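Structure first, commentary second.
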Amino acid sequence: MTTRPPRSGGPKGRKPQAGKFDAGKFRGGKAQADGRARTGPRTSARDAAERAARNRGEDAGTRDPWGSQGAAVSAPARPPKPRRDAAAPRDDAPRDAAAAKPGSRPPARRSAAPSPALAAAPAPGPTRREQRAAASATLASGVQTLTVEPDEAGMRIDRFLTARFPLLPFTRVQTIVRKGELRVDGKRAKPNDRLEPGMSVRVPPLRLDQPTERPRSAAREQDDAAFIRSLILYEDADMMILNKPFGLAVQGGSGTVRHVDGLLAALTGPDGQKPRLVHRLDKDTAGCLIIAKTRLAAATLAKSFRSRAARKIYWALTAGVPRVRQGRVSTYLAKEEPTDADARMRVAKHGDEGASHALTYYAMVDQAAQKLSWLSFKPVTGRTHQLRAHAAHIGHPIVGDPKYFSVENWELPGGIQNRLHLLARRIVIPHPRTGKPVDVSAPLPPHMAQSWNLLGFDAARYDPIVEAPEA
């Protein structure tokens with residue numbers, strides 16, 4: 001019986017392969033050079049020769065990113081290779097992009113470590129203005145919860161949303177509040193509700209309209225700033241009072257592109273503070289409009305209006321002559337269409353839905369026969385269209401009023417323009433910082449000045465409304 005010699009190395013039943021790569025010899029720096037030595041699995045002698053040729057062509061100190069393991073031809077001596085981390089590619093990985101498999105990614109290179117100076121300097125955080133601009137410029141992805149800050153104390157909820165989201169149309173703000181989508185401390189809110197510091201305002205997902213107009217140019221900014229400054233009747237570091245012209249809206253709305261609130265953006269200061277509206281006038285009402293220059297001044301002036309510390313006097317040209325030369329009008333007013341922000345107001349009863357009390361004092365200054373009257377009004381409350389609705393309620397609507405003038409068979413006297421003859425003539429309000437009264441009067445707008453001249457009214461005549469009560 002013939003005895004077979006024992007098998008050398010390898011698993012049982014497998015024949016040893018000729019020219020098998022010896023890892024021990026390779027680590028010692030000596031590789032088999034008999035033509036059968038291999039530098040890695042499935043690597044031919046031709047590949048090893050090409051790799052050695054590339055190594056000889058490298059600059060001194062340059063390291064092959066994949067490492068050269070065993071070459072068939074001897075290469076110049078190199079400095080010791082740094083220790084390779086676990087993420088380094090294997091020796092049998094593709095040597096260049098051309099050799100890589102289609103669709104595979106090239107090996108990622110390590111980025112240089114930042115300098116100690118750059119690493120030590122913390123990145124400056126965004127300013128409050130930048131945060132709000134980013135919130136307005138991007139679409140809200142879901143429900144947001146905002147916290148009322150101390151300088152936002154006393155702000156109406158609709159003004160709060162407009163300040164936080166300048167790109168959100170004011171009509172959309174009113175819709176959100178009216179439908180109950182906005183909650184303050186978990187409760188439904190009304191547009192005229194006031195906020196206090198620390199309150200939590202839950203805002204639903206918003207769809208901010210993208211601006212359709214072209215970016216504002218420097219020339220347009222200068223023109224807007226010059227126009228606003230031409231309207232200033234009074235100005236100091238905290239506030240200014242404008243003489244708003246007839247036909248210029250105070251805020252934007254459906255189809256309204258040019259308005260006071262938009263023009264005020266041209267007066268934004270270096271600190272990013274934009275002048276703010278404190279109250280409103282109807283689009284066709286001319287006269288005194290108060291603007292706050294700082295958020296603190298806006299909050300203080302708003303409190304003066306709510307506490308009725310601000311006194312306002314309006315002039316109007318009305319149809320007919322009232323039998324009582326001085327009187328008081330006290331009614332409840334409600335919108336005919338609650339969903340319309342600029343709907344006509346109607347005289348309502350106490351307890352009606354949406355009805356608010358409105359109080360106005362009036363006095364007749366002069367008259368033109370029995371045809372026209374120059375009336376002076378002192379509103380105690382500040383309801384929408386209050387003076388226009390009250391003038392119509394007593395039977396003497398304001399000339400040129402497209403909503404409330406309904407006198408049958410009435411013809412407009414010759415030379416008088418068919419425009420609303422209503423002027424916010426005078427305003428007296430405590431200064432937001434000093435508390436001293438600021439008393440400013442506005443001149444008649446051109447169409448009313450023309451009517452006053454035709455009728456022989458003297459704008460310097462004594463106004464008896466000053467004797468009317470304040471409440």
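The values are calculated or read from the model by the stated rules, or taken from the named source; none is laboratory data. Only a predicted model underlies this, so the values are computations on that prediction, with no experimental measurement involved. Glycine gets a Cβ as well: all are built from the backbone with ideal geometry, and neighbour counts include every protein chain shown. All accessible areas refer to the heavy atoms of the entire protein, side chains included, with ligands and DNA or RNA removed. Shrake-Rupley method; radii C 1.70, N 1.55, O 1.52, S 1.80 Å.
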Once you have a ≥ b ≥ c as the square roots of the Cα gyration tensor eigenvalues for region 421-465, tell me rounded if a/c is under 1.5, and otherwise prolate or oblate according to whether a/b is larger than b/c. prolate
Using a 1.4 Å probe on heavy atoms of the protein chains only, the accessible area for T175 in Å², nearest 10, reads 30 Å²
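Rounded, prolate or oblate, given the Cα gyration tensor of region 350-471, with a/c below 1.5 counting as rounded?
Here region 350-471 falls in the oblate category.
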Whole-percent carbon and sulfur contribution to the accessible surface of region 138-201 (1.4 Å, no ligands, DNA or RNA) stands at 51 percent
Please work out whether region 138-201 counts as rounded, prolate or oblate from its C-alpha gyration tensor, where a ≥ b ≥ c are the square roots of the eigenvalues and a/c under 1.5 means rounded, while otherwise a/b larger than b/c means prolate and anything else oblate? rounded
Summed over the other residues with a beta carbon less than 9 angstrom from that of T285, with K and R at +1 and D and E at -1, the charge totals +1
What number, in percent, do you get for the relative contact order of region 216-296 if the mean sequence gap of Cα pairs under 8 Å and at least 6 apart is divided by its residue count? 33 percent
Measure of exposure for S356: accessible area at 1.4 Å probe, Å² rounded to 10, is 40 Å²
Net charge contributed by nearby residues that have their C-beta within less than 12 Å of P150 (K/R +1, D/E -1): -3
Accessible surface of E336 - all protein chains present, 1.4 Å probe, nearest 10 Å²: 90 Å²
Excluding W315 itself, what net charge comes from residues whose Cβ is under 12 Å from its Cβ, given Lys and Arg +1 and Asp and Glu -1? +3
What list of ³J(HN,Hα) couplings, whole Hz, do you get for region 296-313 from phi and the Karplus terms 6.51, -1.76, 1.60, once you set θ to phi - 60° and write x for glycine and proline? 5, 5, 5, 5, 5, 5, 5, 5, 5, 5, 5, 7, 6, 7, 8, 10, 10, 10
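Per Stokes-Einstein, at 4 °C and 1.567 mPa s, what whole-number D in µm² s⁻¹ belongs to region 278-384, with the Kirkwood radius over Cα pairs as the hydrodynamic radius?
81 µm²/s
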Region 356-416 to region 147-193: how many Å between their Cα centroids? 33 Å
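Leaving out ligands and nucleic acids, note down the accessible area per residue over region 216-296 with a 1.4 angstrom probe, in whole Å². The partial results should precede the final answer.
Working: 3620 Å² over 81 residues.
Result: 45 Å² per residue.
Under the definition of Cα pairs under 8 Å and six or more residues apart, what whole-number percent is the relative contact order of region 315-471?
Result for region 315-471 is 23 percent.
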For region 216-296, what does the convex hull of the Cα positions come to per residue, in cubic angstrom? 99 Å³
